[in-house]
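Read through the structure below, which is laid out as structure tokens, and then see the notes.
We did not get these values from a lab; they are worked out from the coordinates using the rules stated. Here the structure is a predicted model, which means the values were calculated and not measured. Neighbour counts run over all protein chains shown; Cβ positions are idealised from the backbone, glycine included.
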Amino acid sequence: MEPGIRLGAGCSKWDVRQKVWDYMEHNNLADFPRPVHHRIPNFKAAPRAGHRVTTLEVFSQTQEMKVDPDKPLEGVRLAALQANKTLLVPTPRLRTGLFNRITPPPGAGKEVLRICSTSQGVKDFSSPVGLDSAVHVDLVVVGSVAVSEKGWRIGKGEGFADMEYAMMVAMGAVTERTVVVTVVHDCQVIKTDCTRPKPQGILWSKISGDMMNKIPILRRLREKERSAGKDLTLKSAEEPPTRTPTSGSTRATHPSPTAPTADHRTDRGSTVYIGNIPPTTRVSELKGTLRERGASPLHLTWQGAQHQAFLDYTDPHQAQQALSSLEGLSIGGQRVRIELARTKPMGIRGREAITPAMGVTPRESRGVRRERTEPHEAPRMRRMEFSQLPEN
């Protein structure tokens with residue numbers, strides 16, 4: 001690992017990601033697309049590094065391989081096509097299935113194969129692979145933000161690589177002996193004592209109904225596993241469904257230093273305020289950090305423009321436990337403010353109003369939106385509220 005990246009005790013996965021992204025940007029170690037934040041970094045010399053996969057003994061023995069669609073893995077995909085390997089690439093966000101098989105046109109030369117290895121080539125020269133297809137993947141190549149010397153990896157935090165691997169296990173496409181390779185820059189290699197095993201299949205208790213709707217292939221896999229007598233119970237319907245942002249948050253010019261005020265319907269004392277959040281932070285980063293610290297809330301209200309968020313818990317006891325779990329929390333190397341939110345008397349439309357001291361009023365809450373998890377309740381204020389995501 002290159003000198004310069006230092007991981008302190010208790011560093012969360014999001015802290016690791018932020019340090020790697022910041023280091024690569026600061027030292028100009030990446031190519032397009034930039035900035036590398038919230039991406040699998042396309043580091044300089046990635047094509048040359050990717051070609052080194054061909055020197056592995058497993059590559060020469062491989063007939064069928066799965067390679068992620070990330071930009072820094074173009075060199076691996078090209079090497080696979082040049083070696084006449086069967087190349088499988090996951091569909092974006094698993095919306096239309098699990099794999100696409102890349103099929104270059106007959107007599108394709110090096111330039112055509114290079115195009116086939118790009119994201120555009122994946123669109124133009126691929127065909128979907130059904131769940132009933134006989135797939136046996138000999139080699140898996142994944143993108144990473146960071147990886148340990150023993151091979152434990154961290155992605156960008158969306159969980160799709162783990163989901164894809166679990167699906168392949170469910171299909172019988174991979175086994176415990178299947179080799180998994182990642183291609184990274186030296187600075188992305190970290191030290192950790194992590195001992196988590198590979199996914200052994202889909203944990204249906206972590207899958208919500210909302211995720212089932214967004215990833216149709218999960219429904220088909222669930223039907224296939226039903227006959228095997230497995231526990232197919234989904235995540236409790238009482239837990240709020242996953243909500244995703246419909247627009248990016250805006251950056252506040254002057255973050256408010258005033259005390260927080262909650263705008264929620266939970267019991268008094270059951271809402272935790274997080275302030276001084278770095279302006280580049282995404283809500284997914286905060287969710288990941290909360291999960292890692294065992295402080296996932298019932299609801300999360302994100303106010304990116306004000307660099308703050310509100311965490312709703314079921315009762316004051318849970319809120320106090322969250323305060324203890326989040327004590328000393330830093331995001332991206334910046335210490336954040338954690339405390340119980342103060343409530344105000346009932347205001348607009350019978351709800352607790354956000355005071356002008358926070359920098360947001362019912363009239364001035366532009367640039368942020370609100371979504372409710374209740375199916376029949378119309379939005380009342382333009383802020384954004386999310387429910388907790390399943391674990392990555």
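Quick rundown of the values:
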{"item": "Listed peptides 86-93, 201-208 by packing density, highest first (mean Cβ within 10 Å)", "result": "86-93, 201-208"}
{"item": "Extension reserve of the Ser325-Leu232 stretch, reckoned as 0.36 nm per residue once the Cα distance is removed", "result": "30.3 nm"}
{"item": "Percentage relative contact order, the stretch 96-211, counting C-alpha pairs under 8 Å, at least six apart", "result": "26"}
{"item": "Rounded, prolate or oblate (a/c below 1.5 giving rounded, otherwise prolate when a/b exceeds b/c) for the stretch 163-209 by Cα gyration tensor", "result": "prolate"}
{"item": "For the stretch 52-65, 3J(HN,Hα) per residue [Karplus equation, 6.51 cos²θ - 1.76 cosθ + 1.60, θ = phi - 60°, Hz, x = Gly/Pro]", "result": "5, 4, 5, 7, 6, 4, 5, 5, 5, 8, 7, 9, 10, 9"}
{"item": "Other-chain or far-sequence residues with amide H under 5 Å of Ser126's (modelled H)", "result": "Thr103"}
{"item": "Listed residue pairs exceeding 22 Å between alpha carbons, taken from Lys198/Lys230; Lys13/Lys198; Lys13/Lys287; Lys44/Lys198; Lys71/Lys206", "result": "Lys44/Lys198; Lys71/Lys206"}
{"item": "Ranked packing of 181-192, 21-32, most packed first, by mean Cβ within 10 Å", "result": "181-192, 21-32"}
{"item": "Karplus 3J(HN,Hα) series, Hz, for the stretch 38-45 with 6.51 cos²θ - 1.76 cosθ + 1.60 (x for Gly, Pro)", "result": "6, 10, 6, x, 8, 6, 5, 6"}
{"item": "Backbone HN-Hα couplings from phi across the stretch 149-158 [Karplus 6.51/-1.76/1.60, Hz, Gly and Pro as x]", "result": "5, 9, x, 7, 10, 10, x, 7, x, 8"}
{"item": "Leu7 long-range amide H proximity, modeled H, under 5 Å", "result": "none"}
{"item": "Ranked by how many other beta carbons lie within 10 Å on average, peptides 113-123, 304-314 from highest", "result": "304-314, 113-123"}
{"item": "Gyration tensor (alpha-carbon) shape descriptor, the stretch 78-230, a/c threshold 1.5", "result": "oblate"}
{"item": "Modelled FRET efficiency - R0 51 Å, Ala134 with Asp315, Cβ distances, 0.05 increments", "result": "0.45"}
{"item": "Stretchable slack from Gln82 to Val180, in nm (0.36 nm times residue separation minus alpha-carbon distance)", "result": "33.3 nm"}
{"item": "Straight-distance crosslink candidates among lysines, where the alpha carbon sits under 17 Å from Lys224 and sequence neighbours closer than 8 are dropped", "result": "none"}
{"item": "Under-5 Å amide H pairs with Ile331, H placed in peptide plane, nonlocal only", "result": "Val336"}
{"item": "Signed unit charges on C-beta, dipole axis of the stretch 11-52, positive-most listed residue Val36, His51, Val16", "result": "His51"}
